[in-house]
Every structure is written in structure tokens, then in C-alpha cells.
1. Below 19 Å, Cα to Cα, which aspartates and glutamates can residue 58 reach? Residues fewer than 8 away in the same chain don't count.
2. May I ask you to compute the full-extension gain from residue 92 to residue 173, defined as 0.36 nm times their residue separation minus their alpha-carbon distance, rounded to one decimal in nm?
3. Report the full-extension gain for the segment residue 54 to residue 189: residue separation times 0.36 nm, less the Cα-Cα distance, to one decimal in nm.
4. When the helices in the chain are scored as -39500 (n - 2.57) per DSSP H run of 4 or longer and the sum is shared across all residues, what 222 nm value do you end up with, to the nearest 500 deg cm²/dmol?
5. Top mean-square fluctuation among 185, 16, 58, Gaussian network model of the chain, C-alpha springs under 10 Å?
6. Build a GNM of the chain with springs between Cα atoms under 10 Å: which of 18, 68, 118 gets the top mean-square fluctuation?
7. What is the set of long-range amide H partners of residue 85 at a cut-off below 5 Å, with H atoms built 1.01 Å from backbone N?
8. Can you give the angle from 0 to 90° between the axis of helix 153-165 and the longest principal axis of the chain, with both taken from C-alpha atoms, to the nearest 10?
Amino acid sequence: AKRVYGWEWFGGGDHKGPILLACQTPRDASVRHHYSPLDAGRGCSRLLIEECARHLPKGAPIVVRPHPRAKGALDGIDIPAAWTISSDGALQDILPTCRAVVTVSSTVATEALALGLPVACLGRGAWYGSGAVLDCSEDPSQLATICDFEPDEWTVLRYLAAVLRHQIPHNASREEIGRNQSFRKWLERAGSKPARQTDFADAVA
């Protein structure tokens, strides 16, 4: 958290700051496959905003952050007049000024957890069942309690450790990917069972 974002681990946000709604791209795989209410005619951003308008605490300041690659996704959506739409500033500077984060299944949820912010998720992501976030996937009305939700540090730490174990750096070599245990298991489940370590690296290619 400190090396990449300049944050103190679990340093928290601003209890008087806004609730950040983190939007996603319409074709995000985690949205298309792990957000059961998704209606292709309305889209994930519209559903996120509609559920938040219905259930978030009345009077709480709200900032909607469009995904940088899908700014047009908010066009035609009825956003409450008191809310703010903002793409300004780097996310690592914005999150410490927020009191909480709500999303469907954005990776912003994982970043916010490292800061110790309350996070509510409408979709089923890697955190599902971990207890690290306020899981609203089956009951969006729980959004009303987001400001009272207190993430448990050790629960979050266990979740983040589990997630990071599966990460592969974007600049990893074929050999590094081939050595990654998560990738090896995925490849085997996909029906490929190379006999040797070097075969996994060849499979990457």
C-alpha cells in the first residue's frame, strides 16, 4: 500500500467525505458473469446508480466515478441532482478523501480495502464469502448500512493475501507464468496437462 499508493496500511479515509461509486466498463467479465441482476438493456452503471439511489443513506454526499474507458456509459442515466460526477484526480489520491466505496465488482474494491475503507459490492467477486466487504449481491438494501460497516483488518489481510498469491505481473516472462501455480491449475482445468515445467511455458506461448 505504501510502495504503490503512498498509503499507510489500513489508514482509513475521511468520515465526512463522500461515498464513491466506482463504475466499470460494460463488457467487464466480472460484471457479465458475476452480476446476476444485469439487464443488457440497462447496463451495469445504470443498475449500480439505481440501486445506490434507492438504498444509500439519504443526504450522504455521493461521487460517481466513471470508468476511464467508458465515460459514455453514464449518458442518459438519471443521476440524482445532489450527486457529483467526477473523473478528476488519481484514484490513489481520491480514495483517502472518501468515507466508503460502492461498486459492482471493480478492482477499486480491493484497493480500497488496503486503505481500510468500508466497501459494498453488488456483484460476486473474489471477495464473495470472505467477509472483507459488505456483500450486497443478494440484498442491495444492505447498502443503507455502508457507513456503519467496519472492515475487520485481519479479514481484509487474509483476503488480500489470497488474491495477491494468484497475481501474475503484466510484464512476466513465459517462464514466470509457467511457474505460477494458479496458472498451472487453471491450464489443467482447461484440459491441458503438460508433463514438464517447460511445457507450461510453451503453453503460454
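No value in this document is a laboratory result; all are computed from the given coordinates. Here the structure is a predicted model, which is why all the values come from computation and not from measurement.
1. Cross-link targets: 14, 50, 78, 139, 148.
2. Gain in length upon complete extension: 26.4 nm.
3. Taking residue 54 through residue 189 to full extension adds about 44.5 nm, to one decimal.
4. Taking each H run of at least 4 residues, the total per residue is -9000 deg cm²/dmol.
5. Judging by the Gaussian network model, the answer is 185.
6. It is 68.
7. Hits under the 5 Å cutoff: 64.
8. That helix lies at roughly 40 degrees to the long axis.
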